[in-house]
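J.: Pasting in a structure now, in structure tokens, and then I'll have a few things to ask.
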Amino acid sequence: MALVVTVLLFLSMGLIQFALIANARITLTNLAREGARFAAVHATETGSDNNADSTKGIKTYVVRVADSTSLNSIAIGDITISPMETSPMSMSRSSGKPITVTVNYNMRNKFILPVSFPGLSRFGTNTSSSAKMIIE
């Protein structure tokens, strides 16, 4: 009984850890997709301040969505939008062109086991997901 419980506990903890990481990756992909959809619709709008930069609005939206998920530690600095809007007269974000949203996340926030646990080190620490959509 002692031998079987030890092996089963070891396998169960590994399975739970794998499920947490898989859930975080799926959520990260959905966050990037949600951000790209919002960016595709709102990319040509100007921000609320005078610099006409909608990047902050898109990033704030992604952070608000992330706050309602298990990845609530995502900050504005973890989100990258390409192409960046450089000036109000820039045509880099016009209708029919692609826009990409990339979200980075530190997977160590989801580790419940030590990194020395067999197989856990292959997941790495920083994971990113990106989504691309055409600007409407």
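Rule-based calculations on the coordinates, nothing more; no lab input. Because the structure is a prediction, the values reported are computed rather than measured. Here the Cβ is made from the backbone with ideal geometry for all residues, glycine too, and neighbour counts use every protein chain on show.
J.: Taking only pairs six or more apart or across chains, which ones have beta-carbon atoms under 9 Å, a first residue in region 120-133 that is free of Cβ contacts under 8 Å to residues at least 60 places away in the same chain, and a second residue that is surrounded by fewer than 18 Cβ atoms within 10 Å (Cβ to Cβ) and in a helix (DSSP H, G or I)?
T.: G124/M107; T125/M107; T125/R108; N126/M107; N126/R108
J.: Restricting attention to region 1-24, report how many residues are under 30 Å from the mean Cα position of the chain (by Cα) and farther than 18 Å from N109 by Cβ.
T.: Residues flagged as under 30 Å from the mean Cα position of the chain (by Cα) and farther than 18 Å from N109 by Cβ within region 1-24 amount to 5.
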